[in-house]
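The values are calculated or read from the model by the stated rules, or taken from the named source; none is laboratory data. These numbers come from a predicted model, not from an experiment. Positions of Cβ are generated from backbone atoms using ideal geometry, with glycine treated the same way; all protein chains shown enter the neighbour counts.
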Amino acid sequence: MSGRLFGYARVSTTDQHLDRQIEALRNYGVAERDIITDKFSGKDFNRQGYLTLKEHILRSGDILVIKELDRLGRDYEQIKIEWQELQKMGVDIVIIDMPILNTAEKSDLEKSLIANIVFELLAYTAEKERQKIKARQAEGIKLALAKGIHFGRKKTEIPENFYAECNRWLEGEQTAIATMHKLGMKKTTFYKIVNEQMPEIVRRC
């Protein structure tokens, strides 16, 4: 190896643990001082640890070791672009749980062919999974609707004495607060329904 080994580990939230990934990186031979971590979403690459690693630490000839591909990111198209940028920098990549992607000691042609095939396959698999999830969601909604289950906020029921009490309020016989109290309504709910029902309230005055 002409360069140094660096490791990268990531979890999505601050309450998740990096121990399992760090142990795997150490077992591979990465010194703990050379392991960079992030506790941030993998939706893009705007992460402090990763950007520091890529822009200020990695050099041509170095090897970047990651336990699992999804620790690098979640979007396979973005990962593919990032992968190509690292390759242009002269950085080799090792994915411990997916050895077929390892670029160390491979020719440029092998690196390109393997990466393209694997990423196309992963992107296809991810898209099929998204389609399956959408189909399951659609089936679930259809079944729920057939059973009479309704989605969204439950419509606020209007009390039987609503119009009568509102008329007293509009006629000045009682305050708005007294009206809300009699109807058992909170301020926001009361004014929301008043606004919606004003034509009917006026008609009944």
#### Entry: Of all residues in segment 90-102 being surrounded by fewer than 16 Cβ atoms within 10 Å (Cβ to Cβ) and in contact with a Leu (Cβ under 8 Å, 6 or more places away or on another chain), the one that is nearest to ASN116 (Cα to Cα)
MET98
### Query
in a helix (DSSP H, G or I) and touching a Phe, Trp or Tyr at 6+ places or on another chain (Cβ under 9 Å): does that describe LEU64?
no
### Query
Since GLU77 meets every condition but one in (1) loosely packed, with under 13 Cβ neighbours inside 10 Å; (2) farther than 28 Å from GLU127 by Cα, which condition does it not meet?
(2)
### Task
For segment 1-59, enumerate the residues that are closer than 17 Å to ASP70 by Cβ and charged (D, E, K, R).
ARG10, ARG20, ASP38, LYS39, LYS43, ASP44, ARG47
### Message
ASP70 - would you say it is of a type in the set (Asp, Glu), surrounded by 14 or more Cβ atoms within 10 Å (Cβ to Cβ), within 26 Å of ARG20 (Cα to Cα) and in the same structural domain as ASN27 (by TED's automatic domain parsing)?
### Response
yes
### Summary
Contact list, first residue from segment 34-48 and on the phi < 0 side of the Ramachandran plot and without any contact (Cβ under 8 Å) to a residue 24 or more places away in the chain, second anywhere and outside any strand (DSSP E or B) and not polar (S, T, N, Q), beta-carbon distance below 8 Å, six or more apart or interchain, is GLN48/PHE40
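The rows are residues; the columns are (1) assigned by TED's automatic domain parsing to the domain that holds PRO199; (2) closer than 20 Å to PRO199 by Cβ; (3) at pLDDT below 85.
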{"residue": "LYS142", "(1), (2), (3)": "no, no, yes"}
{"residue": "LEU145", "(1), (2), (3)": "no, no, yes"}
{"residue": "LYS155", "(1), (2), (3)": "no, yes, yes"}
{"residue": "MET185", "(1), (2), (3)": "yes, yes, no"}
### Query
So which residues in segment 1-52 are surrounded by fewer than 16 Cβ atoms within 10 Å (Cβ to Cβ), under 15 Å from the mean Cα position of the chain (by Cα) and at pLDDT 95 or above?
none
### Task
Name the one entry in ASP44, ASP70 that is part of a loop (DSSP other than H, G, I, E, B), under 20 Å from GLU120 (Cα atoms) and not polar (S, T, N, Q).
ASP44
### Message
Would you confirm, using the coordinates I've provided, whether ARG26 is outside any loop (DSSP other than H, G, I, E, B) and within 15 Å of LEU53 (Cβ to Cβ)?
### Response
no
### Query
Restricting attention to segment 90-110, does a residue exist that is without any contact (Cβ under 8 Å) to a residue 12 or more places away in the chain, within 19 Å of TYR8 (Cα to Cα) and not in a loop (DSSP other than H, G, I, E, B)?
yes
